[in-house]
Amino acid sequence: MVRNEAQAPAGTAKAVDFTNPAFYTNRELSWLDFNYRILDEARDRENPLFERLKFLSITASNLDEFFMVRVASLKDMSEGGYSGHDIAGMTADQQLSAVQKKCHEFMDRQYSTLMRSLVPSLRSSNMEVLFDHESLTKQQADFCDRYFDEVIFPVLTPMAMDSSRPFPLVRNKTLNIGALISRKPKAAPEGSIEAMVQENLTRTGERVARKAAKDNGKDSKDGKEIDLKDGTMFATVQVPSVLPRVIEIPCTKEGTRTGILLEEIIERNMGKLFSGYNVVCANAYRITRNADMTLDEDDADDLLDEIQKKLRKRQWGEVIRFEYEDGMDKKLFKILKKEFGVGADAIYKISGPLDLTFLMKLYGMKGFENLKEKPYVPQPVPALMNLPDGMTLFDAIREKDIFLSHPYETFDPVVNFISSAADDPDVLAIKMTLYRVSGHSPIVAALARAAENGKQVTALVELKARFDEENNIQWAEMLEKAGCHVIYGLVGLKTHSKIALVVRREEDGIRRYVHLATGNYNDSTAKLYTDCGIMTASPAYGEDATAVFNMLSGYSEPKHWNRLSLAPIWLRSKLYALIDREISHAKANENAHIIAKMNALCDPGIIAKLYEASAAGVKIELIVRGICCLKVGIPGVSENITVRSIVGRFLEHARIFWFANGEHPEIYMASADWMPRNLNRRVEIMFPLEDADSARAARHILDVQLADTMKAHVLMPDNTYEKVDRRGKALIGAQATLMKEAIEAAADPHDPMASRTFTPAAAE
C-alpha cells in the first residue's frame with residue numbers, strides 16, 4: 001500500500017509560494033482557539049445556566065486530553081532535541097512556550113468564568129456550592145462529619161512518606177490532598193509500633209528537608225523554609241472517584257439547595273486519618289501525565305497484548321501539568337514540586353476547585369430542568385416511517401437509498417440494520433468496522449448473536465482508538481468468544497472508516513447492503529454528535545465494500561474501485577483532483593465553488609491547494625469546527641476563502657464536501673478530516689452521494705450552517721474568531737433549525753424536504 005505524502009501539490013503557481021509558513025497557523029494554538037470558543041458558550045448569558053456549566057466542564061475535559069497528548073508530545077520533541085519546524089515554521093521549543101503561555105491564560109479565564117459569573121448565578125438560582133469547609137454552619141458541619149465517618153472514611157487510603165514508604169505514585173488526573181502532619185505533644189509508649197513509626201516519619205521529614213533544601217540552593221542546616229526537623233512529616237490521600245464529587249448538605253434557607261465538594265469534607269476531617277498527629281496544613285493538588293501511546297507495531301508479536309501493557313503504563317507517565325490550590329503551604333508546595341519534577345511553566349496555581357469536570361455531575365443534578373435546554377428526542381427517519389405491512393428494512397433500502405442525519409434523526413435504523421441481519425435467516429455474512437462503541441453496545445451484542453446464529457461475522461476492532469483502547473479490547477475478546485472473526489487492521493495504520501456490509505441471499509441472487517457514515521457506531525454519542533450516513537443496496541457500493549474488507553483482512557487491494565475513495569491509497573489525490581477541477585472551471589469563467597464541512601483542517605498539501613484555488617478565483621466556504629491552520633484574507637492567496645466554526649449543544653462531527661463542477665455539482669461525505677493523520681496514516685473512506693434526495697439533504701445541512709447567525713464564529717484576517725454581526729440579519733441557529741425541521745418532517749413524512757426553509761429563531 002503506497003501512501004501519499006503531505007507536500008505542496010504539483011501545478012502550484014510559481015508566482016506565489018503557497019507553502020510559505022507565514023500563511024499558516026500553528027495547529028496547537030488553533031486548537032486552543034477552538035477550546036476558547038467552547039468557553040465563550042460558558043460565558044454566554046443567552047445560554048441556560050446549567051448548559052453553561054456543561055460547556056465549562058467540556059473545556060476542562062478537553063484541556064486534560066490536550067495536555068496528556070499534544071503538550072506531552074511537544075515536551076518529548078523538545079527534550080529529544082527535535083529541530084524540525086511545524087506548518088507555521090515554529091520549532092518544538094517555540095510551540096511549547098507559546099502553548100504553555102496560552103494555557104495559563106486559558107485556565108485563568110476558566111476560573112474567572114466560574115467564580116465571577118457562574119457561581120453567583122447559581123446562588124441567584126437557589127443553588128450554592130461551597131468551596132470552603134470553614135464557612136459551614138454547625139448543622140452543616142455535623143452533617144459533613146457524619147458523612148465522612150459513615151461513607152468517606154472506609155474508602156480512603158492515607159499514604160505517609162518514610163524510609164519504608166517512598167513518595168507514592170500519584171495516578172494521572174486524580175484529585176489528591178497533600179498534608180504536613182506533626183506529632184502531638186504526648187509521646188507514644190517507648191518501643192510501641194506507633195513510636196517506631198513516628199521515629200521513621202521524623203527521619204523521613206529530615207531527609208525530605210535536606211533534599212528539598214539542596215535542590216533550592218540551600219544547605220540542609222539553614223534551609224529554614226523547608227526545615228521539617230521539628231517533626232513535621234508529609235502525607236497524602238487520594239480523593240476517591242467512586243464517591244460523588246458534590247455532596248448535597250442541609251441548606252440554610254428554605255427553597256434553596258446547598259452542596260459541598262468531597263475534598264472539603266476530607267480536608268475538614270484530615271485529623272481522623274492520622275490519629276496522634278496534628279494536621280499542620282492540607283491542600284488539594286492534581287497532576288496530568290504524559291498519556292501519549294507510541295507503539296512499535298512492526299516488532300509487536302501480539303498487538304492486543306502490547307496495547308494492554310502500554311495502558312498499564314499510561315497512569316504513570318511523566319508529569320506534564322501540576323495544579324495546586326491557591327494558598328497551599330510553601331513547604332508542602334516545594335515537596336510536591338520536587339517530587340513531580342516540573343518546571344515553572346507546567347505549574348498552575350488555581351483560585352477555585354481543581355478539576356472542573358465535576359461540573360458535568362452538577363449539570364446532571366435533578367430539579368434544575370428550567371435551567372437547562374429542553375431535552376431533544378431524535379426523530380424517526382421519514383423514509384422508514386409507515387412502511388407497508390411486511391416490508392422490511394432491507395426491502396426499503398433495496399427500493400431507495402436511505403439518508404440518515406444524527407442526532408436530529410434517530411440512530412435506531414443503524415442498530416436495526418445490524419440487529420435485523422443477525423436474526424434474518426437469509427443473511428449469510430456481516431462485516432463492519434468498530435472504532436468507538438458505547439459501553440453496552442447493542443451493535444456489538446447483535447454481532448455476537450449473529451455469530452451464534454451461524455453467520456459469518458467479521459469485525460475490525462480498532463485497538464488504537466485513543467482512550468477507548470481498554471473498552472475496545474474487551475469488545476474484541478467478547479466477539480472472539482462468540483465466534484466472530486476479529487481483526488485489528490493494518491500495521492502502522494488506524495482504521496477510522498465507518499462501514500458495515502450485510503450479505504444476503506435473495507430470490508434473484510446474492511445482494512449486498514452497505515451502511516457508510518461520517519461517525520462511529522456508538523448509540524450513545526449518536527445523541528450528542530452531528531453525523532450523517534447512508535444505507536444503500538447499490539451494487540457498485542457493495543463491490544467496493546467487499547473490497548475494503550478483503551483489503552483489511554487479507555491485505556489484497558483491488559485493481560479498480562467503483563465509488564469509494566480510500567486513504568491512505570488515493571483519497572489525497574482524489575481531493576486534489578476535485579479541487580483542480582474547480583480551478584479549471586474558474587479559469588474558464590464557469591461556476592467554481594467549494595463548500596466543505598469538517599472537524600479539522602491542518603494538512604499543508606490540501607491548504608496549499610485551496611490557496612491555489614482561491615487565487616484562481618474559486619469561491620471557497622469552509623465550515624471547520626476545530627483546528628484550522630488556514631488563514632483567510634491574505635491578498636492574492638486566500639481572499640476568496642471564508643471559514644466559520646459552529647459550537648452548539650451538539651458536537652459538530654460530520655464531514656461533507658460539495659463541489660460545483662460548473663453546473664454539474666457533486667457532493668461527498670467522509671470519515672476523514674483534512675489532516676495529515678487522516679490522509680496518510682489512517683484507513684478512511686470518502687463516498688459520493690449519487691441519490692438525488694440524499695445529495696439534496698446533505699447540501700441542505702451545509703446551507704443551514706452557512707446561514708447560522710447565532711452560534712457561528714467567523715475566522716477573521718487577523719486570525720481571531722468573531723461571532724456573526726446579527727444586525728439586520730434573521731436570527732438563525734443551525735442546530736435549532738435542523739431539530740425543528742426533523743420534528744416537522746416526522747410529523748409529515750411524505751415530503752420531508754418540503755418544510756425545510758429558514759425561519760428566524762429566537763435562540764439556539
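Each reported figure results from applying straightforward, stated rules to the coordinates on display, with no laboratory input. All figures in this text were calculated on a predicted structure; none of them were measured in a lab. Note: ideal-geometry Cβ built from the backbone for every residue, glycine included; neighbour counts use all protein chains shown.
Remarks
- Estimated FRET transfer efficiency (Asn550, Glu480; beta-carbon r; R0 22 Å; 0.05): 0.60
- Full-extension gain in nm, Lys374 to Ser117, via 0.36 nm per residue minus C-alpha separation: 90.3 nm
- For Leu169, net neighbour charge (Lys/Arg +1, Asp/Glu -1) across residues whose Cβ lies under 11 Å away: +1
- The Cβ shell under 12 Å around Asn26 holds other residues with a net charge of +1, Lys and Arg each +1, Asp and Glu each -1.
- Under a 5 Å amide H cut-off, with hydrogens placed 1.01 Å from N, Lys723 pairs with Val714 among residues at least 5 apart or on other chains.
- Taking all Cα-Cα distances within region 513-607, those exceeding 23 Å account for 46%.
- Annotation: amide H-H contacts under 5 Å for Tyr348 (H modelled 1.01 Å from N, sequence separation of 5 or more, or interchain): Phe322, Glu323, Tyr324.
- Hydrodynamic radius (Kirkwood) for region 478-566, which is based on Cα pairs only, to one decimal in Å: 14.8 Å
- With contacts taken as Cα pairs under 8 Å and at least 6 residues apart, region 563-646 reaches a relative contact order of 27 percent.
- Relative intensity, log₁₀ I(q)/I(0), of the chain from a Debye sum that treats every alpha carbon as a point, q = 0.12 Å⁻¹: -1.48
- Prolate/oblate/rounded label for region 381-440 (Cα gyration tensor, a/c 1.5): oblate
- Placing unit charges on each Cβ (+1 for Lys and Arg, -1 for Asp and Glu) gives region 565-747 a dipole about its Cα centre, and among Ile646, Ala613, Ile583 the Cα reaching farthest toward its positive end belongs to Ile646.
- Computed over the alpha-carbon atoms, region 669-732 gives an Rg to Rh ratio of 1.10, Rh here being the Kirkwood radius from the mean inverse distance.
- Net charge dipole, the chain: roughly 1920 debye, given to the nearest 20, about the Cα centre with Cβ charges of +1 for Lys and Arg and -1 for Asp and Glu.
- With a Förster radius of 30 Å applied to the C-beta separation of Asn20 and His104, the computed FRET efficiency comes to 0.50.
- Antiparallel %, DSSP beta bridges [both residues in region 382-554], to 5: 70 percent
- The convex hull defined by the C-alpha atoms of region 530-664 has an orientation-averaged projected area of 10.0 nm².
- Length-normalised contact order of the chain in % [C-alpha pairs under 8 Å, at least 6 apart]: 13 percent
- Fraction of alpha-carbon pairs over 24 Å apart in region 382-554 - percent: 31 percent
- Residue-by-residue Karplus 3J(HN,Hα) for region 359-370, coefficients 6.51, -1.76, 1.60, Hz, glycine and proline x: 5, 5, 5, 4, 4, x, 4, 7, x, 10, 4, 5
- One quarter of the convex hull surface built on the alpha carbon atoms of region 428-503 amounts to 4.6 nm², the projected area averaged over directions.
- Residue by residue, region 245-251 carries 3J(HN,Hα) couplings of 6, 10, 10, 6, 10, x, 8 Hz when phi is fed to the Karplus relation 6.51 cos²θ - 1.76 cosθ + 1.60 (θ = phi - 60°); x denotes Gly or Pro.
- Each residue of region 275-280 was assigned a 3J(HN,Hα) from its phi angle through the Karplus expression (A = 6.51, B = -1.76, C = 1.60, θ = phi - 60°), giving 5, x, 10, 8, 8, 5 Hz with x at Gly and Pro.
- Computed log10 I(q)/I(0) for region 699-749 at 0.23, 0.26 Å⁻¹: -0.88, -0.99, from the Debye equation with unit scatterers placed on every C-alpha and solvent omitted.
- Mean separation of Cα contacts under 8 Å, 6 or more apart, over the residue count of region 382-554: relative contact order %: 28 percent
- When cysteine pairs in the chain are screened for C-beta atoms closer than 4.7 angstrom, the residues that find no partner are Cys103, Cys144, Cys251, Cys281, Cys484, Cys532, Cys628.
- Overall dimensions of region 619-700, expressed as equivalent-ellipsoid semi-axes from the Cα gyration tensor (√(5λ), whole Å, largest first), are 21, 18, 15.
- Residues whose amide H falls under 5 Å from that of Leu731, counting only those 5 or more places apart or on a different chain, are Ala761, with hydrogens built in the peptide plane.
- Value at 222 nm in deg cm²/dmol, rounded to 500, when DSSP H runs of n ≥ 4 in the chain each add -39,500 (n - 2.57): -10500 deg cm²/dmol
- Farthest toward positive dipole pole in the chain [+1 Lys/Arg, -1 Asp/Glu at C-beta], among Ser30, Leu371, Gly178: Gly178
- Cα-Cα P(r), region 565-747, percent of pairs per 5 Å interval: 1, 8, 16, 20, 21, 18, 10, 4, 1, 0
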